[in-house]
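J.: Provided herewith is a single structure, encoded as structure tokens, for subsequent inquiry.
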Amino acid sequence: MEINGISAIITGGASGLGEATSRHLASLGAKVVVADLEGQREKGEALAAEIGGVFAPSDVTNTDQVIAAVEAAKELGPLKALVNCAGIGWATRTIGKDGQYGSAHDLDVFRKVVEINLIGTFNCIRLAATAMSQNEADEFGERGAIVNTASVAAEDGQIGQASYSASKGGVVGMTLPVARDLAAVGIRVNTILPGLIDTPIYGQGEASEQFKARLEVGVLFPKRLGTPHEFATLAAELLSNSYMNAESIRLDGGIRMQPK
């Protein structure tokens, strides 16, 4: 699929993996909708202005806001790409140490993580794909492509990652059936499972660098954290390579996460 000249929506597009993907797709000629929370407006608008796109305030669980982002993308060009980068993480053990029911994992926390990471991802898929289905098909019948973001935690969930791993495992689990659903209208679906990627989530400063250095020890090769740009280039390949479909691909330097 040709990226030049299309419009693309990047959720979580104002920072981290989403920012890198927004920049990279714009460099390939896409008109990008930087979709992120209202609280990210200043950063999102600045990025959008820099790359020639637009910012759309988007809570991925809010159907009206996602539809608005889709409509904004359609104004820029044919919407043929969606990259779902929005997500949250929350470390909580399943039970507490005191044997009390009240210290068990908060169900509201579990629901929120699943609501954003899994249901939010599907919400964006179903709405963007609806718009893509109205595109004129190319010579092979293709109308668009979608890339989701899961995590190696979907397969190697660590202690305290029950909600996060469940949500990301759900993203992996729905990749094939959604790809099968959307094959009827020529839309491909793939998922990336990032490992340890050097994003602002790790903070800044000496303590942050020491923490990241400890994390690097577990990476098989190369012995470093991944870069957001490496994620972005893989996302672009999954969008442009029309024979890539229904796959979940680890991007992790060969790491296999230990229990903690």
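Readers should treat all values here as calculations from the given coordinates under stated rules, not as data from a laboratory. Every value quoted in this text rests on a predicted model; they were computed, and no experiment measured them.
J.: Given a cut-off of under 8 Å on Cα pairs at least six residues apart, what relative contact order in percent is computed for the stretch 104-222? Don't jump to the answer; show the numbers that get you there.
T.: On the way: 119 pairs, mean separation 32.4, N = 119.
Result for the stretch 104-222 is 27 percent.
J.: Right, something else. HN-Hα J couplings of the stretch 217-234 from phi, Karplus 6.51/-1.76/1.60, θ = phi - 60°, integer Hz, Gly and Pro as x?
T.: Going residue by residue, I get 4, x, 7, 5, 5, x, 7, 6, 6, x, 10, x, 5, 5, 5, 4, 5, 5 Hz, with x marking Gly and Pro.
J.: So what is the diffusion coefficient of the stretch 1-141 in µm² per second by Stokes-Einstein at 4 °C and 1.567 mPa s, using a Kirkwood Rh over Cα pairs?
T.: Numbers: Rh = 15.9 Å.
Approximately 81 µm²/s, per Stokes-Einstein.
J.: Still on this structure, I have one more. Could you give me the ³J(HN,Hα) list for the stretch 136-151, computed from phi with Karplus coefficients 6.51, -1.76, 1.60 and θ = phi - 60°, whole Hz, x at Gly and Pro?
T.: 6, 6, 7, 5, 9, x, 7, 10, x, 8, 10, 10, 9, 10, 9, 5
J.: Check cross-link reach from K31 to the aspartates and glutamates: straight Cα distance under 15 Å, and skip same-chain residues fewer than eight apart.
T.: By straight Cα distance, K31 reaches E2, E19, E45, E50, E71, E75.
J.: Report, in deg cm²/dmol and to the nearest 500, the calculated mean residue ellipticity at 222 nm for the chain, where each DSSP H run with n ≥ 4 adds -39500 (n - 2.57) and the sum is divided by the residue count. Write down the numbers at each step before the final one.
T.: Values: 9 runs with 108 residues, N = 260.
The per-residue figure over the chain is -13000 deg cm²/dmol.
J.: What percentages, rounded to whole numbers, describe P(r) for the stretch 108-260 computed over all alpha carbon pairs with 5 Å bin width beginning at zero?
T.: It works out to 2, 9, 16, 19, 19, 15, 10, 6, 3, 1, 0, in whole percents.
J.: Could you calculate the contour length gain from E237 to A91, that is, 0.36 nm times the residue separation minus the distance between their Cα atoms, to one decimal place in nm? Before the final figure, lay out the partial values.
T.: On the way: separation 146, 0.36 × 146 = 52.56 nm, distance 3.18 nm.
Full-extension gain reported as 49.4 nm.
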